[in-house]
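All remarks here apply to the structure that follows.
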Amino acid sequence: MNLVPAQYREVSVTEVPVPLEEGALRAYLAGRAVYRRTRYVIATNGAATMVAEVSKESEQPLFSPVTSVTVLARADETSMVDAPDIDTAVPTQLAQAAAEHAPGARCVIVRGRYGHVSFILDPAPVRIRVLEVVPPWPPKLVDQLKRVLDVAEDLPPVELVPELVDLRDLAARRPASRYLFPCRAGQGAQDGALLAPGGTTLPSPPAAKVSYLDEIPPREPWTLVGCARSRAIHDWFYGGDVPQVDMCPRTLAAARDHTDQQGPLLTKCCLLEDRVACDGETVVVPWGASLAQISEGLRLAVAAQVAR
């Protein structure tokens, strides 16, 4: 599954003067000289395409005769698509192009960015669930993962499955006239009133008022929507008990029933300041993770899936 050439130079595209049938293609390629780095041949005849893997007599001279031919995908299993925005060196991008343009094909050949041509055989992206709280929009962790995957040439194809928890829905589970959020990020409030996912205020009527912990406002009888770090900061400045709705993605993930879920889960926690943690199939990155830490977490999640 997920066979993708490691480098562009491994792929040769050639028009052949024979029918695209296994016996005819083997006979045509056997003994023909190919470039020393060629490993895969995309054979075309009109609109039809076929993909074969070749072995050579030697990889030392610039060109060497083909000694064996293995057909990887027949013409009826192969589809060729033009997707100029796709970097064909990135497996996740190839898998996305295959799913969008030729979802029923076993092998999808993509002519992508820079005119480069490559293929993916038997696409089966690794599913990674991403539990994130919103706002802000777009969900930051999901967005960071997408940015990493856009250039991840050395990872198998990955499909992100966002599991988004709206902070406004969390707050609504504990109705209050005033809430205290960690910060203003994400525009979850407007004119000091909490906004519901549809844009209405919560609760209604009257609208709940919102303050932000990082502004150290005067103490009010609020309900804190925050995590363990937010609670510690709150107690530092204000002391005393405060009603709280826990918004920590790591805690929310642990509380979920994952028996029907497939694949590893990646989330975040602000108690992790400078490292990435892995607990079985759950990978946790710092709340303010760098792209390097996001990449590390992604690789751990992929490894957890591969090890299943």
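The values are calculated or read from the model by the stated rules, or taken from the named source; none is laboratory data. All values reported here derive from a predicted model rather than from experimental measurement. Using ideal geometry, Cβ is built from the backbone for each residue, glycine included, and neighbour counts are taken over all protein chains shown. Accessible surface areas use protein heavy atoms only, side chains included; no ligands, DNA or RNA. Shrake-Rupley method; radii C 1.70, N 1.55, O 1.52, S 1.80 Å.
Brief remarks on what is shown
- For the stretch 268-287, filtered to residues that are open to solvent by 60 Å² or more (accessible area, probe 1.4 Å) and in contact with a Lys or Arg (Cβ under 9 Å, 6 or more places away or on another chain), the residue that is nearest to Pro139 (Cα to Cα) is Trp287.
- Filter result (on the phi > 0 side of the Ramachandran plot and in contact with a strand residue (DSSP E or B) (Cβ under 6 Å, 6 or more places away or on another chain)) within the stretch 1-41: Gly31
- Ser118 fulfils the conditions (1) farther than 28 Å from Lys268 by Cα; (2) open to solvent by 10 Å² or more (accessible area, probe 1.4 Å) except for a single criterion, (2).
- Hey, Phe63 surrounded by 18 or more Cβ atoms within 10 Å (Cβ to Cβ), touching a residue at least 12 places away in the same chain (Cβ under 8 Å) and aromatic (Phe, Trp, Tyr) or not: no
- Helices (runs of 4 or more DSSP H) contained in the stretch 64-174 and holding at least 2 residues of a type outside the set (D, E, K, R), more than 23 Å from Arg9 (Cα to Cα) and in contact with a strand residue (DSSP E or B) (Cβ under 6 Å, 6 or more places away or on another chain): 140-149, 167-172
- Just one of the listed residues (Cys248, Cys227) is buried (at least 19 other Cβ atoms within 10 Å of the Cβ), closer than 21 Å to Pro135 by Cα and at pLDDT 95 or above, and it is Cys248.
- Test: residue in the stretch 69-80 that is under 30 Å from Arg147 (Cα atoms) and either β-branched (Val, Ile, Thr) or surrounded by fewer than 17 Cβ atoms within 10 Å (Cβ to Cβ) (or both): yes
- Filtered residues of the stretch 153-205 (kept if open to solvent by less than 30 Å² (accessible area, probe 1.4 Å), of a type in the set (A, V, I, L, M, F, W, C), under 13 Å from Pro135 (Cβ atoms) and at pLDDT below 90): Ala189, Leu194, Leu195, Ala196
- Scanning the stretch 288-301 for residues that are free of Cβ contacts under 8 Å to residues at least 12 places away in the same chain and either open to solvent by 80 Å² or more (accessible area, probe 1.4 Å) or of a type in the set (A, V, I, L, M, F, W, C) (or both) gives a single hit, Ala292.
- Residue in the stretch 91-110 that is out of contact with any His (no Cβ under 9 Å at 6 or more places or on another chain), loosely packed, with under 15 Cβ neighbours inside 10 Å, modelled with pLDDT under 95 and farther than 24 Å from Arg256 by Cα present: yes
- When residues of the stretch 17-42 are limited to those that are free of Cβ contacts under 8 Å to residues at least 40 places away in the same chain and surrounded by 17 or more Cβ atoms within 10 Å (Cβ to Cβ), the one nearest to Ser118 (Cα to Cα): Val41
- Which numbered condition Ser55 fails, given (1) farther than 25 Å from Ala152 by Cα; (2) part of a helix (DSSP H, G or I); (3) open to solvent by less than 70 Å² (accessible area, probe 1.4 Å): (2)
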